[in-house]
Amino acid sequence: MSVFITSLVIWLLLTNFSYSELLAGVIVSIFVALIFRKYHAIRFDWKFLVRFAYYTVVYLPVFIVEMVKANLDVAARVLNPKLPLNPGFVQVKTQLKGDAAKLFLANSITLTPGTLSMDAKGEKLFIHWIDVKTIEDKEKYISKRFERILKGVFE
Amino acid sequence: MRRLYAILVAAGLIYMLFVFLGTLPLYGKVDLSNRVSAHFLAKDVNSVDVKKWVEGDKQVPSREKIYGRKGFEDESANVVTSIVVNYRSFDTLGEVTVLFASAVGIGLVLGGMKRMGYGRKPNFILRVSTGILLPLIIMFGIYIFVHGHLTPGGGFPGGTVIAAAVLLLYLSNEEFVANMKTSKSLEGSMGSLYVIFGLAGLATGGAFLFNFLPNGVVGSLFSAGVVPLVYMTIGLKVGSELSGVVAEIHEEREG
Amino acid sequence: MIVLFFTLIGIGVILAFIRVIIGPTSPDRVAALDTMNVMLTGLIVVLAYVFNRSIYLDIALVYALLSFLETIVISRYLEGRK
Amino acid sequence: MSANVVIGDILLAIGAFFYFLGGLGILRMPDVYNRLQAGTKATTLGTFSTVLGVGIAKPEFLLKTLIIIAFVALTNPVGSSVLARASYLSGIKPCDCTKVDEYKGGGEE
């Protein structure tokens, strides 16, 4: 069911709205939902949609501010002729349970200042950090901001 | 029973092909000026300028009066689609046959029973993100070949995008095995449906894949006569064939 | 204005392409190629804006999909067997 | 020149500038992982900005540009993560300035 709704929304975004398009979209979405149901990672109900809409408003500004900060950081590093680098591989523990929540956390980490997530195993995330400040208490710098918000969305 | 049914259908198709082959003109003897409508030659597929006829003598003649005989091409939104489907569609049958032959060859050489694994476990991030990306890719592939008469797409690109989704599943999931039976039956039924469309055109209009449906308004979804149906069959056929090729590359024989 | 966009994106693509040529190892080349592909996706969208054709956006989407697939396939190959 | 065209042009200029920075970062950084950092961040923000600029300057493109933005936002970080892991597993040494390494052995105990 959730696959059907997702497919229909994507179809309507791809096409300009008209009734024949809507009819074709419904037919195609039913077939896609029946055939590929097993492999989709998307499951939601209406409560999730409400929470998602609420937290998107909270999440997007934080995310965009972090992304612009990340790019200014990279720009400063690139344009500086001495290239101040202090990189290292670290691992970070996370409290998030769901697969999708961890995926969004990893993607957010990749797009924020100085960090690039490489792999996840269990509750550990492996991260390449461009400027290692401390070995203890890494979570404060890397993942705390997003973890709070994503916990609200997915749990 | 199924075999008898298949033999009957095949015999009927061969009979129709032989009967209507006699009605076709010889190579090089076709009177093309009779077939190509004037506004197609003037590269004016989209706009119909009936305004000056209205101002001239206060009556709107029908489309066929303005431009001569009803066109061979089916009012698709771009000229290339008209050429590919309406003039060169017999070649498309050949291309699909070549693709089928290559898929069969790969199946003979590489096919096996067991799913071949990669050395490493797939990345967690890749595995989860594939599940989220999949509806987007599949819907985009279907969008390409359903809207083949309105956008620069068509059966082959749409089928390739669907096969790309299957390849992504294979790369990201260690246990995934494509359902070959469904794929094969879809491919076979779509291939015969394509030939049946062509023969229906041959029966009604005297040419392979002649347009036997109303044209509709240019730009809406249900327009351009037989083109969307043809592209749908080609898209599903190519998609299932290439998925079969991807699946067979990922299999290995026991022992 | 348009000339400015094309100049900046073009310089970026050329810099990435230099890395594709001189990159010492193959992951270097693939990383540079991935960056270049995303830039070219943006470039196709800008072309759709300049020529005012909405159908170019479909092409940009197909290009993005295929470049992603290319990165994934080459990465899975480079990981190798254990 | 209406207001939305001006906003779109400004966004386009910002995006083109970040594309340029991405190319420069790819060229200047010392090893694969740092290069991926610079390239991924800069091109993702550049694509967001450029494509959104086009969508704002031409409102009839907006829906499809949103799809492109969602697609790039999902695929670009995933691609760079997979590539970073692959280059680590294939034995590319990080540069000499690397201090800490807690990912020894591909994270498998």
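Readers should treat all values here as calculations from the given coordinates under stated rules, not as data from a laboratory. Note that the structure is predicted; figures quoted are calculated from it, not measured. Don't worry about glycine lacking a Cβ; one is built from the backbone with ideal geometry, like all the others, and counts go over all protein chains shown.
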Q) From the phi of every residue in segment D:51-61, what ³J(HN,Hα) in whole Hz does the Karplus formula 6.51 cos²θ - 1.76 cosθ + 1.60 yield, where θ is phi - 60° and glycine or proline is x? A) 5, 5, x, 5, x, 6, 5, 10, x, 6, 8
Q.
Using a Förster radius of 35 Å, what is the FRET efficiency between B:Lys181 and B:Phe90 based on their Cβ-Cβ separation? Nearest 0.05, please.
A. 0.70
Q. Expressed as an acute angle from 0 to 90° and rounded to the nearest 10, what is the orientation of the C-alpha long axis of helix D:62-89 relative to the principal long axis of chain D?
A. 10
**Q.** Projected label distance in nm at A:Arg37 and A:Phe17, using a 7 Å step from Cα toward the beta-carbon
**A.** 2.9
Q | Under-5 Å amide H pairs with A:Met118, H placed in peptide plane, nonlocal only | A | A:Phe126, A:Ile127, A:His128
**Q.** Packing-based exposure ordering (other Cβ within 10 Å, fewest first) of A:Lys82, A:Lys69
**A.** A:Lys82, A:Lys69
Q) Per residue of chain C, what 222 nm ellipticity follows from adding -39500 (n - 2.57) for every DSSP H run with n ≥ 4, rounded to the nearest 500? A) -31000 deg cm²/dmol
Q: Measure out, as a whole number of angstrom, how far apart the alpha-carbon centroids of segment C:1-73 and segment B:96-111 sit.
A: 34
Q | Lys/Arg +1, Asp/Glu -1 at C-beta; segment C:2-79 dipole; positive extreme among C:Ile72, C:Ile55, C:Gly23 | A | C:Ile55
Q) Given the C-alpha centroids of segment A:48-99 and segment D:13-34, what is the distance between them in whole angstrom? A) 17
**Q.** Estimated distance in nm for a label pair at A:Lys93 and D:Ala70, the labels positioned 7 Å out from Cα along Cα-to-Cβ
**A.** 3.6
Q: Post the alpha-carbon centroid distance, segment D:38-60 to segment B:176-193, in whole angstrom.
A: 40
Q) Modelled label-to-label distance, C:Phe6 and B:Lys114, 7 Å Cα→beta-carbon offset: nm? A) 5.7
(Q) Averaged across A:16-22, how many Cβ atoms of other chains sit within 10 Å of each residue's Cβ atom? (A) 4
Q. Sorted from fewest to most neighbouring beta carbons within 10 Å, what does the list B:Glu241, A:Glu147, D:Glu60, B:Glu174 look like?
A. D:Glu60, B:Glu174, A:Glu147, B:Glu241
Q. Shielding of A:97-109 by partners, i.e. mean partner chain Cβ atoms within 10 Å per residue?
A. 4
Q. In degrees between 0 and 90, to the nearest 10, how far off the longest principal axis of chain C does helix C:26-51 point, with axes built from Cα atoms?
A. 10
Q) For B:Leu13 and B:Thr97 in one chain, what is 0.36 nm times their gap in residues minus the Cα-Cα distance, to one decimal in nm? A) 28.6 nm
**Q.** Shielding by other protein chains, D:48-55, mean Cβ within 10 Å
**A.** 5
Q | Value at 222 nm in deg cm²/dmol, rounded to 500, when DSSP H runs of n ≥ 4 in chain D each add -39,500 (n - 2.57) | A | -26000 deg cm²/dmol
Q. Tell me, what HN-Hα J-couplings in whole Hz come from the Karplus equation 6.51 cos²θ - 1.76 cosθ + 1.60 at θ = phi - 60° for each residue of segment D:22-37, using x for Gly and Pro?
A. x, x, 5, x, 4, 6, 9, 5, x, 9, 4, 5, 5, 4, 5, 4
(Q) Which of B:Val161, A:Val9, C:Val45 has the fewest other C-beta atoms within 10 Å, and how do the rest follow up to the most? (A) A:Val9, B:Val161, C:Val45
